[in-house]
Ligand SMILES: Cc1ncc(COP(=O)(O)O)c(C=O)c1O
C-alpha cells in the first residue's frame, strides 16, 4: 500500500493551488528513519473528500516529468516558473481568457465503469446487413498479440525501414494477399475505406485519360455509400458521375468522354454477375474498369484481374477486423502494372541493405504529397496499417485452404438458407447467382425486419418488397434456423435445416464460368503458421524487429507520439463497441451516440468552435472535408468562383494535395527568415486574389514549431478579402487549454486524434481527423446516405461510414475525461516545457532553427544539420546513427531539408529526454571528428549507420572504428539495446527494381 501511495504521489499538478502530496522520498524516509513517536491526538480531522479521494488519477501518469523534474527543467530554460515559461513562449494576445470548461479528470477505474455503462446502451444484435461490412471471427492470437499489443499499435509509419522490417514484412504480406485474391499484379498497403478507395480509382482512370475525359459510370448496384463518396469527390473535378443500369448502358455512344466504370462484384444486392463481356466492351469504348469487391468472395469467384479489370478495391474488414460501427478497417487497392505510378497511398517494396540483403521499405515515395504537393497522386498520408496487418495475419493464420473453407462454409450456409426460403414459398431474386447475400422478395420488408428484430437479428430493406440478408463467418446452424423462422410463412410447417443441408448440390450457386480455378496465397508465408504456436511466434518474430513506444521515445516533429494509455485502449475491443454494424438501426446505437456527442462537445470546448463532424478518417481527410465545407459556404452565397487557396511554403504536403482535391487553385505564401508567415506576401497575395480568394490554410503553431505573432492578423487579412481560415490542427497539442483555434480567428480546423488525442499511430494508421467549425460553416458538415449526419445543407460524405472509424473514438473520449480540463492544460504546458528543455540542452551543440525573440520554441523545434552537409554528414546519417542508440529519428528533412524536427510530447520524463539529448551530443562529437578530418568522410560511424548484428558479427571487420563504438556508443546500451534488423536500406535500388509482393524463397536463398 505504501509503495502505491509513494508512486502515485510522485508527480504533482503543474499549477499552484492543487492538492499536493509530499514527495515519496520523504514519505519513505519518515517511515523508515524517524523514531517511534508518542501517540498524539490529531488537532483536526481530515476532510472526508481527502479520505476517499481515489489514487488512480490519470494526469500524473500521462504527464512524464514529476515536480522535481519540472523545477530542474524550468531552471535549464531560464524561467522561474511555468507561467514565465509560457509567457516567453506564447503571445499573450492569443491566450485564452478562461480555463477549459471541462470537468475534473475521472480516475481510471471509475472511467472504465462509466464507459462500460454507456457502451451497454448499444444493442449487439446479429447484423446480416452486408453493404461491405460483415461480422468476422478475429483470431484471438491476432486480437491479443496485434490489435491489443502496444508493440504493434504504438509503432510509427515505417519511414525508417531498418527498425521497421516486421511491419513492412506484414504489409507486404497484405499486398501479396490482395494481388493474389484480386488477380492484379500490384497492390498498395491500404487505403482509408472502400468509398474513398473507389473515389481514388475514379481519379486514377480520369488521370490515365489525361484529365480529358470526364464521364465516370457507376453501376446502380454499387453500395450506396460508395456512390455517394464518389459523387462528393467528383464534384471538385467536374467529373460527371452517371449511375446506370450497367448492362444496358450504351458505352460505345460515350467513347469521347468515358474515362472509367465502377462495378461491384458481387453487387450490393448480392448478385454475382459475369462482367467479362461488359469489361471488354468498356475497354473498346476507351474506359477503364474498376471493380469494388470482397476478398472472401474471391476465394470462390474468378478474380477481377482474370476477367480483365484494371483496378480492384474493397474493404478487407471481413478478414479478421471487427465491425467497429464502421471502422477502422483497411481498404485494399490493386491495379494493373501500367498504373503503378499513379497508385494512391503507401506501397511497400523490396530493396536491399548495405550488405546486399533483402530489406523492405516504402517504395515510390516521390508520388506522395511531401514531394509532389498539389500534384500528388492523392492526399492520403495516414492510412490503415494496423488493420492491414491484422487482415494479412488473418490470411497467414488461415492460409489458402483455411480461407477457402471459410468462404465455402459461408456460401454453403447461404445456399441452405436460400433453399429454405424457397421451400417457404418465397422468391430469392438472385437465386443461382449469389455468394453470401440473398435478395428475398417479400410482401412487406418492414414486417420481415420487425419479425427479425424479435430475434435480435438485423436485416436490410433493399426496398419495400425486397429484403437483403448477408451471412458471414460467425453464422451458426442455429442462426440459419432462426433466419428461416423469420422467413417462414404464417402457420407453415418448419423446414428441416438438416434435410436442406443434405440436399445441397455439389456445385456452387453461381455461374460455373465464375468458379475460381486459379490458385492464391501459395507463398510459404501463407502456408507455414497455422498452429497457434507458430502464429504467436511469427507475430512476435516480426514485432521484435520493430521499434515502437514500448522501447523509447519517438520524437517525431508534427506527429505527437505521446502515451496511448492502456485504459484508453481497453474499451475498443469490447463487443459493445466492436460488434456493431455501421448501418445498425439508430435505436441500437444509443451508447455510441452518447459517447460521440460527449466527444463532440469536448472538442468544441477545446477548439472554441460550434460544430463538429467526426467523419474524416485522417488529418488529410479532415483537410479535404474542411475545404469542401468552405466551398459549400461560398457556393451558397453565390461565390462559387472563389477557388484560390493560399498555403504557406512550409505547409505539410497534404495541405496543397487536399486543396487540389477540393478543386482549389493553390497559391504559395512565403515564409520569412525566422520561419514565420511572410505577412507582406500574405497581404499582397490576399489582395491580388481577393475576387477569387476562398481560403488560407495555416498550421498553428507553425510547422516550424513557432507560435507566430502575426497569426491573428493573418486571419483578419483573409477575412477582409472574403476568404475563410482553415487551421491545420496537427499541432493542437501545443494549444489545448492555453489558446483556441476559434479565438485565434480560424473558421474551421481538423484535429488529428491520432496525435493530440492519444489514438495510437498503428504503424501508419488508423487515424481520425474530425473537423470543428464556426456556426456559419456548420450547416455544411458532411452528411451520409444511410445514417443521418452533418448539417442541414450537408455536403456529401467524405468517408464510407457515418462516423468514420468510430470504434477508436472511445480512446480520445477517454483521454479527455481522464485528464479533465486542468489535466489537459497541464499536459500542454509539459509538452512546451519538454521541447524547450531539449532545445536548450542541444543548443550548445547544434544550431536550433527558428526560436522566438525570447529564444523559445513551441512544442517542437528544428535541429539544423545543414552546416555539416558539405563535410559529408547529412540528416539521414544522424537519423540512422540514432538507431544505434535505440532511438527512432525525429522528423527528417521536413519542413526544411537536412534538418531534424524534434517533438518530445508531454508524456516523456526528463530521464528519457536526457537520454535522447545525450545521444545527440555524442553524435555531435562524432560529427566533429568528421569535420576535423580525424576520421574518413566516406567511411565513418555515421555514414555506415545503422549497424545491424549481421554487420557487427561478420568475420571481416574493415571499418576504421571498433565494433564496440559502433554498437555501444553509450554505456546504457549494454543493458538496453535495440538491434536494427538490417543495415542501411538502399532506397534508389528499390525504386529502380520495383517489387511489391513477398519475394520467393529462392530469392532469399540467392542472397
Ligand atoms: C502538419 C500536418 N498536417 C497534416 C498532416 C496529415 O495528417 P494525416 O497523416 O492524419 O493525414 C500531418 C501528418 O503528419 C501533419 O504533420
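The values are calculated or read from the model by the stated rules, or taken from the named source; none is laboratory data. In this text the structure is predicted, and so the values were computed from the model without any measurement. Here the Cβ positions follow ideal geometry from the backbone for every residue, glycine too, while neighbour counts run over all protein chains shown.
When segment 737-755 is filtered for residues that are away from the ligand (no atom under 11 Å from the Cβ) and either over 30 Å from residue 92 (Cα atoms) or part of a loop (DSSP other than H, G, I, E, B) (or both), the ones remaining, listed by number, are 737, 738, 739, 740, 745, 746, 747. Residues in segment 433-453 that are buried (at least 18 other Cβ atoms within 10 Å of the Cβ) and either out of contact with any helix residue (DSSP H, G or I) (no Cβ under 7 Å at 6 or more places or on another chain) or assigned to a helix (DSSP H, G or I) (or both): 433, 437, 439, 445, 448, 449, 452.
Selection over segment 419-432 of residues that are buried (at least 22 other Cβ atoms within 10 Å of the Cβ) and assigned to a helix (DSSP H, G or I) gives a count of 3. Take the residues in segment 675-707 that are at negative phi, within 32 Å of the chain's Cα centre (by Cα) and in a loop (DSSP other than H, G, I, E, B), then tell me which one is nearest to the ligand (Cβ to nearest atom). Among those that are at negative phi, within 32 Å of the chain's Cα centre (by Cα) and in a loop (DSSP other than H, G, I, E, B), it is 703.
Against the list (1) more than 14 Å from the ligand (Cβ to nearest atom); (2) in a loop (DSSP other than H, G, I, E, B); (3) touching a strand residue (DSSP E or B) at 6+ places or on another chain (Cβ under 7 Å), the condition residue 718 fails is (2).
Each row is one residue, and each column tells you yes or no for (1) modelled with pLDDT under 95; (2) within 23 Å of residue 781 (Cβ to Cβ); (3) in contact with a strand residue (DSSP E or B) (Cβ under 6 Å, 6 or more places away or on another chain).
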{"residue": "621", "(1), (2), (3)": "no, yes, no"}
{"residue": "640", "(1), (2), (3)": "no, yes, no"}
{"residue": "643", "(1), (2), (3)": "no, yes, yes"}
{"residue": "688", "(1), (2), (3)": "no, no, no"}
{"residue": "699", "(1), (2), (3)": "no, yes, yes"}
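For segment 125-136, the criterion of being closer than 25 Å to residue 524 by Cα and either in a helix (DSSP H, G or I) or out of contact with any strand residue (DSSP E or B) (no Cβ under 6 Å at 6 or more places or on another chain) (or both) is met by at least one residue.
Scanning segment 559-574 turns up at least one residue that is in contact with a strand residue (DSSP E or B) (Cβ under 9 Å, 6 or more places away or on another chain), within 16 Å of the ligand (Cβ to nearest atom) and closer than 30 Å to residue 744 by Cα. Among residues of segment 605-632 being outside any helix (DSSP H, G or I) and away from the ligand (no atom under 11 Å from the Cβ), the one that is surrounded by the fewest Cβ atoms within 10 Å (Cβ to Cβ) is 610.
Mind telling me which of the residues 794, 806 ends up being buried (at least 24 other Cβ atoms within 10 Å of the Cβ) and away from the ligand (no atom under 15 Å from the Cβ)?
One residue alone meets the criteria, 806.
When you go through 79, 101 one by one, which is the residue that is surrounded by fewer than 21 Cβ atoms within 10 Å (Cβ to Cβ) and under 31 Å from the mean Cα position of the chain (by Cα)? Going through 79, 101 in turn, the sole match is 101. Kindly indicate whether any position in segment 399-410 is more than 16 Å from the ligand (Cβ to nearest atom), under 30 Å from residue 206 (Cα atoms) and either in contact (Cβ under 8 Å) with a residue 24 or more places away in the chain or surrounded by fewer than 24 Cβ atoms within 10 Å (Cβ to Cβ) (or both). No, segment 399-410 contains no residue that is more than 16 Å from the ligand (Cβ to nearest atom), under 30 Å from residue 206 (Cα atoms) and either in contact (Cβ under 8 Å) with a residue 24 or more places away in the chain or surrounded by fewer than 24 Cβ atoms within 10 Å (Cβ to Cβ) (or both). Of all the residues in segment 279-315, those that are in a loop (DSSP other than H, G, I, E, B) and more than 15 Å from residue 226 (Cβ to Cβ) number 12. Is at least one residue of segment 868-875 assigned to a helix (DSSP H, G or I), in contact (Cβ under 8 Å) with a residue 12 or more places away in the chain and surrounded by fewer than 20 Cβ atoms within 10 Å (Cβ to Cβ)? Among the residues of segment 868-875, at least one is assigned to a helix (DSSP H, G or I), in contact (Cβ under 8 Å) with a residue 12 or more places away in the chain and surrounded by fewer than 20 Cβ atoms within 10 Å (Cβ to Cβ), which makes the answer yes.
For (1) within 16 Å of the ligand (Cβ to nearest atom); (2) surrounded by 24 or more Cβ atoms within 10 Å (Cβ to Cβ); (3) outside any helix (DSSP H, G or I), each residue gets a yes or a no:
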residue: 374; (1), (2), (3): yes, no, no
residue: 382; (1), (2), (3): yes, yes, yes
residue: 393; (1), (2), (3): no, yes, no
residue: 396; (1), (2), (3): no, yes, no
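Considering segment 529-599, the qualifying helices (runs of 4 or more DSSP H), each wholly inside and each with 3 or more residues that are closer than 23 Å to residue 134 by Cα, run over 575-578.
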